[in-house]
Amino acid sequence: MNHWIVLPVLLPALLGSVLLMVARRDLVIARALSVASCAALLVLAGSLLATASAEAPQVYALGDWPAPYGIVLVLDRLAALMLVLADLLALVVLLAAIGGADREGRHFHALWQFQVMGINGAFLTGDFFNLFVFFEILLIASYGLMVHGGGRERLKAGVQYVVMNLVGSTLFLLAVGLIYGVTGTLNMADLAARVPEVAAGDRALLHTGALLLLLVFALKAAMVPVHFWLPGTYAHAPAVVAALFAIMTKVGAYAIIRLFPLAFGDDAGASSGLAAPWLLPAAMLTLLAGMTGVLGAQSMGQLAGFSVIGSMGTLLMAVALFTEEALSAALYYLLHSTLAAAALFLLVGMIAQRRGSAGDRLRVAPPVEQAPLFGALFFSAAIAVCGMPPLSGFIGKLLILDSARESVSSSWIWGLILGTSLLAIIGFTRAGSLVFWTSSAQASARGKGMEAAAAEGEPAAAAATAAALPLVATSALLASLVALTVFAGPVSEWLDETAAQVYAPAQYVDAVLGVAAGNE
Amino acid sequence: MEFLVASAVGVLTAAGVYLLLRAHTFPVVLGLTLLSYATNIYLFATGRLAVNAPPLIDEHLARYSDPLPQALVLTAIVISFGMTALLVVMALRSWSVSGDDHVDDGEPASATAREDRP
């Protein structure tokens, strides 16, 4: 057994506890340990990615209990890809947080580590109930991070977020119970083996359970009709936390990609193709709702939040086609949209700090400090999010459109993706011109006042170096988008093989249940 | 017994959902608690209901109950208890900061809620 597989879960768990005990008073130690842990995780995820792309899926049986009875962690290409993405995002956004956001409340770094632990665990686990537990870990950490720093609006949005997710957890348990009651297993690979043999009378129960799970994952992925929590949560969360949350919606998408091709794919007999009739229309509505929201957003935080909903719609539409090409395109778009959304949230946070009392609200206000720099960054992030050339969003959308060519609903998909891209462009143009252009026209009078205020606040010199960190992090995220564009060829070839592995569930099942056979 | 357990789950769920939709923090917390009770009983029943049957396999025993749902329920109880505690703390904090215990965002929602009350 490859013991490295469990480390992405163990390392942040241990470090989070250490941070709580040792470094609760000392921010410097906490920062150093936290960055070291995230960097180590990224290296680890990279090496696991190399292992996963060279070999068949690898299984780690916790406590050495054989597969259908014990809990297993499974490393395959898809899991390794998500690990790398999550740990890269965690490291880069953590750098931005060190710029000052982690000072606003207590235990930021410990919560951050637990959040990363939950995300890594959710990507690695091969067991439903364990998936539920990791969801709870990442959620409970996210509750803490969400209200980090406090404030009236943030706490209200936080309570709403917690209630939403507690209801989601209840539904998750009900779904797990239904599936266990019918099939007698909680192991994903074992479930895949048992689904074709379920008695005809029990099949309706099994389908109810599976579709309830789809609803729960849709809630995490912010899909219509359970998307409404996202704009409020993301707009009110601290910018760095919202940037990390960019991976949280993808946890829902990952769970859909993991479960449905595996257990309800072509080999599932009467249960095959269970999710597609529900997922495709819901994803279409999600895209439409998200991009319409971009048009009507009242603040830049909402704008970014609705653009995340829109990108989840695009992504899930490709997933819902349930073909290899479409999945490969979806994974490319997943990489892109996670990084782009994180960059956008960090930028919105920085711009809001530089607009005085106006914050991130979309109204005429004193000009943004360092407007040319932030204008250019916002422009690049907007290009990425809207999916315009030359950045990777364009390639992602192109791949998705190309893979939808054969589908029955191709005209709907093409029309929606192209139409909503226009909506997104209009929405972002409106926001950008309002924030960066409209204000400067009538700003000269107020501008003098601002300069005077800035001159008074000279001790801000130290703060200026700290404020450079979020800028570095945002630039790193945008640079990774450029890299994703430049290396689109090799990346999408790798993703093709990943998609092929997802659609060859026998490999996964053999890897998991073969462990049992080997031990007996 | 099946009827008793099934109706208990049903009544608890219905009451939980009703309270949840009140959208004020105290009823919502109670509603979530009832929902989690319903879920726990339900999870327990997924291993089939067996009275006086130990969760151990023994050659002298013809009947035994499924131990796995019991383990699941234990985990679920711990998690939902912790989550409820967290929610109560956050709700109290939110109430003390904003002076309003409405779960929904925004003013219009709380205005309609006030009209609902006699």
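Brief remarks follow.
- Checking each residue in the stretch A:345-358 for being closer than 16 Å to A:Ala371 by Cα and among the hydrophobic types (A, V, I, L, M, F, W, C) picks out A:Leu346, A:Leu347, A:Val348, A:Met350, A:Ile351, A:Ala352, A:Ala358.
- A Cβ distance below 7 Å, combined with a sequence gap of six or more or placement on separate chains, defines the contacts here; from the stretch A:147-162, residues that are facing chain B (nearest Cβ under 7 Å) reach residues that are β-branched (Val, Ile, Thr) and surrounded by fewer than 23 Cβ atoms within 10 Å (Cβ to Cβ) in the pairs A:Arg152/B:Val97; A:Leu155/B:Val97; A:Val159/B:Thr25.
- Residue that is farthest from the chain's Cα centre (by Cα) [pool: residues in the stretch A:492-502 that are surrounded by fewer than 19 Cβ atoms within 10 Å (Cβ to Cβ) and among the hydrophobic types (A, V, I, L, M, F, W, C)]: A:Ala500
- Remark: A:Arg25 falls outside the filter, which requires a residue to be loosely packed, with under 15 Cβ neighbours inside 10 Å, touching a residue at least 60 places away in the same chain (Cβ under 8 Å), of a type in the set (D, E, K, R) and closer than 25 Å to A:Ala468 by Cα.
- Any hit, the stretch A:188-204, residues being within 10 Å of another protein chain (Cβ to nearest Cβ) and free of Cβ contacts under 8 Å to residues at least 60 places away in the same chain: no
- Filter result for the condition that a residue is among the hydrophobic types (A, V, I, L, M, F, W, C), at pLDDT below 90 and part of a helix (DSSP H, G or I), over A:Phe436, A:Phe428: A:Phe436
- Flag for A:Ile71 being out of contact with any His (no Cβ under 6 Å at 6 or more places or on another chain) and at pLDDT 95 or above: no
- Of all the criteria given as (1) closer than 30 Å to A:His207 by Cα; (2) within 8 Å of chain B (Cβ to nearest Cβ), the one not satisfied by A:Asn130 is (2).
- Candidate set: the stretch B:30-53, residues that are in contact (Cβ under 8 Å) with a residue 40 or more places away in the chain and more than 9 Å from chain A (Cβ to nearest Cβ); chosen: the one nearest to the chain's Cα centre (by Cα): B:Thr33
The values are calculated or read from the model by the stated rules, or taken from the named source; none is laboratory data. All values derive from a computational prediction rather than experimental measurement. Positions of Cβ are backbone-derived with ideal geometry, glycine not excepted, and every protein chain shown enters the neighbour counts.
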